[in-house]
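Everything on this sheet refers to the single structure shown next.
The values are calculated or read from the model by the stated rules, or taken from the named source; none is laboratory data. Not measured: the values here are computed from a predicted model. Cβ atoms come from the backbone with ideal geometry, glycine included; neighbour counts cover every protein chain shown. Surface areas here come from the heavy atoms of the whole protein model, side chains and all, with no ligands, DNA or RNA. Shrake-Rupley method; radii C 1.70, N 1.55, O 1.52, S 1.80 Å.
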Amino acid sequence: MANILITAPWLDEKKTVSGISTVVRTILESKSKNKYYHFRLGKSDCQKKQLRWFADQTLIVPRLLYKMLKFDIQLIHLNITFEKQALLRDYIVFLVVRRLFNKPVLLHIHGGFFLMQSFPKGTFFWRLVRSMLLGADVNLVLSDLEKDHISKNYEVRTFSLPNAVMPSQIAVEKDFNNKLILIFLGRVVQSKGIFLLASALAELHDFYDQFELHIYGAGNDLNGFLETLQKIEKLNFKYFGVVQGKAKVEALSSSHIFLLPSISSEGLPMALLEAMNTGCVVVVSDDASITSVVQDEYNGFIAAKGNKEILKNILSKIFMERETLEQISSQAKLTIAERFDIKNYMIMLQYYISACNISNG
């Protein structure tokens, strides 16, 4: 058994809506041979980058030293995103663990704007990223697509470990013949394609009597998104705030169509897997690793990233050809059960942990 420090933003979704936090919560709640300790990296959704935020940043290293010593940490599971400010912060953590404590690092990459749009070779951030990748004991990404991209651009070895969920134990029966519930659940930020979605919905007024849009989550662009939707005459939508645990499962179980038309910064969204797990028909973009899960018109629908017309046409097709939705819903649940089971994930995660040079001394 190893004592592992695992990084993530706040684990309470009412503080931070984060895919990394969801992954870490899932790991912490699953059976493991190891003892995990959460180390918080990242601000809450309501926290602005003011004096309190800067003070919090200065405490990262002292908090890290305290945790490393108190719990006799033998390995750090460092979850990172390819965003500039986050990389600078995470690099400091990486250096402390590797240079000061000489402990192994399992580096786990979770999306970010510069994941599939790599930093130019030789630039400062390219060198920073490559330094972390070369210095880590194991590098994990979320799909073979990401693995090939990272390996080619940074000339390092990586391994693919897709996110996973606990297969649904609830027998969800969705009726696709009556009014449909469309759901957006997650971080309410521009990169998730929320304004593209609003623009597409504004042109679907002929179908307004067939659906209702439910919104769950928080983020910097929440107010702007809601204000945009309010300006769409006769569009029926409701905002429910942030949900977690059983309430999140119930929200997805009572919905029919899950919307995530992301335009950038995705990895492999946990919300996508959770939605498919409850039989939602997903409408997503072709960003990052999403297409490693969703096959168009088989277990969901894929729209070209940033293309409003394709997104609008997919939604129109859903409203007009409902007879296909039940089969797609079934395939979505089957996909999760067969390929994204948390039990298999934990077995593979243990394998990669074992490959790290953990010392018991």
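Rounded to the nearest 0.05, what FRET efficiency is calculated for ASN357 and LYS231 with R0 set to 51 Å and r the Cβ-Cβ distance?
Details: r = 57 Å, r/R0 = 1.12.
It comes out at approximately 0.35.
Starting from 0.36 nm per residue, how many nanometres of slack lie between LYS246 and TYR208 once their C-alpha separation is accounted for? Please report the intermediate quantities before stating the final value.
Values: separation 38, 0.36 × 38 = 13.68 nm, distance 2.93 nm.
In short, 10.7 nm is gained.
Using a/c under 1.5 as the rounded threshold, could you call region 113-207 rounded, prolate or oblate? The axes a ≥ b ≥ c are square roots of the C-alpha gyration tensor eigenvalues, and prolate needs a/b larger than b/c, oblate otherwise.
Note, shape of region 113-207 comes out oblate.
Over the chain, what is the mean sequence separation of C-alpha contacts under 8 Å (at least six apart), divided by residue count, expressed as relative contact order in percent? Mind dumping the intermediate values first?
Details: 660 pairs, mean separation 63.9, N = 361.
Once divided by the residue count of the chain, the mean separation gives 18 percent.
Rank these residues by their accessible area, most exposed first, probe 1.4 Å: GLU212, GLU29. Intermediate results must be reported in sequence, preceding the final value.
Values: GLU212 25, GLU29 150 Å².
So, going from the largest accessible area down, we get GLU29, GLU212.
Within region 85-148, list the trypsin sites (Lys or Arg not before Pro) lying in a DSSP loop whose Cβ has at most 13 other Cβ atoms in a 10 Å radius. List each step's numbers first, then the result.
Working: sites: ARG89, ARG98, ARG99, LYS121, ARG127, ARG130, LYS147; in loops: LYS121.
For trypsin sites (Lys or Arg not before Pro) across region 85-148 that sit outside H, G, I, E and B with at most 13 neighbouring Cβ atoms in 10 Å, the list reads LYS121.
When a/c reaches 1.5 or more, the comparison of a/b and b/c decides; with that in mind, is region 204-343 rounded, prolate or oblate per its Cα gyration tensor?
rounded
Rounded if a/c is under 1.5, else prolate if a/b beats b/c, else oblate: with a ≥ b ≥ c from the C-alpha gyration tensor eigenvalues square-rooted, which is region 65-168? It would help to have the intermediate numbers written out before the result.
Details: a/c = 1.88, a/b = 1.21, b/c = 1.56.
Here region 65-168 falls in the oblate category.
Could you please state how large a percent of the accessible area of the chain is carbon and sulfur, counting protein chains only and using a 1.4 Å probe? Present the calculation step by step, with values, prior to reporting the outcome.
On the way: 8420 of 16340 Å².
Roughly 52 percent, rounded to a whole number.
At 1.4 Å probe size, with no ligands or nucleic acids counted, give the accessible surface of GLU338 in Å², nearest ten.
120 Å²
For the chain, with a Gaussian network of springs between Cα atoms less than 10 Å apart, report the residue from SER168, SER262, SER30 with the top mean-square fluctuation.
Largest GNM mean-square fluctuation: SER30.
Based on the mean of other beta carbon atoms within 10 Å per residue, what is the order of 189-200, 317-328, most packed first?
189-200, 317-328
How much length is gained if the chain between PHE101 and ARG89 is pulled fully straight, taking 0.36 nm per residue apart and subtracting their Cα-Cα distance, in nm to one decimal?
Details: separation 12, 0.36 × 12 = 4.32 nm, distance 1.77 nm.
Using 0.36 nm per residue and subtracting the Cα-Cα distance, I get 2.6 nm.
Can you sort THR278, THR58 by solvent-accessible area, 1.4 Å probe, largest first?
Details: THR278 5, THR58 100 Å².
Ranking THR278, THR58 by accessible area, largest first, yields THR58, THR278.
With contacts defined as alpha carbon pairs under 8 Å and 6 or more residues apart, what's the relative contact order of region 235-346 in percent?
On the way: 140 pairs, mean separation 26.9, N = 112.
So the answer I get is 24 percent.
Extension gain TYR239-ILE347, at 0.36 nm per residue separation less the Cα-Cα distance, in nm?
Taking TYR239 through ILE347 to full extension adds about 35.1 nm, to one decimal.
Can you list the residues, at least 5 places off or on another chain, whose amide H is less than 5 Å from the amide H of TYR37, using H built in the peptide plane?
It is ILE4, LEU5, ILE6, by chain and number.
When the helix-only estimate is applied to the chain (DSSP H runs of n ≥ 4, each -39,500 (n - 2.57), divided by the residue count), what is the mean residue ellipticity at 222 nm, nearest 500 deg cm²/dmol?
Numbers: 13 runs with 141 residues, N = 361.
Roughly -12000 deg cm²/dmol at 222 nm, from the helical runs in the chain.
The chain: D in µm²/s via Stokes-Einstein (Kirkwood Rh, Cα pairs, 4 °C, 1.567 mPa s)? Walk me through the numbers on the way to the answer.
Working: Rh = 21.2 Å.
Estimated diffusion coefficient is 61 µm²/s.
Any idea of ASP287's accessible area? Nearest 10 Å², probe 1.4 Å.
My reading of the accessible area for ASP287 is about 10 Å².
For VAL61 paired with GLU297, estimate the spin-label separation in nm (one decimal), with each label point 7 Å from Cα along the Cα-to-Cβ line.
In this crude label model, VAL61 to GLU297 measures out at 5.7 nm.
For region 81-129, which chymotrypsin sites (Phe, Trp or Tyr not before Pro) are in a loop by DSSP, counting at most 10 other Cβ atoms within 10 Å? The partial results should precede the final answer.
On the way: sites: PHE82, TYR91, PHE94, PHE101, PHE113, PHE114, PHE124, PHE125, TRP126; in loops: PHE82, PHE101, PHE113, PHE114.
Those that pass, being in a loop and sparsely packed, number zero.
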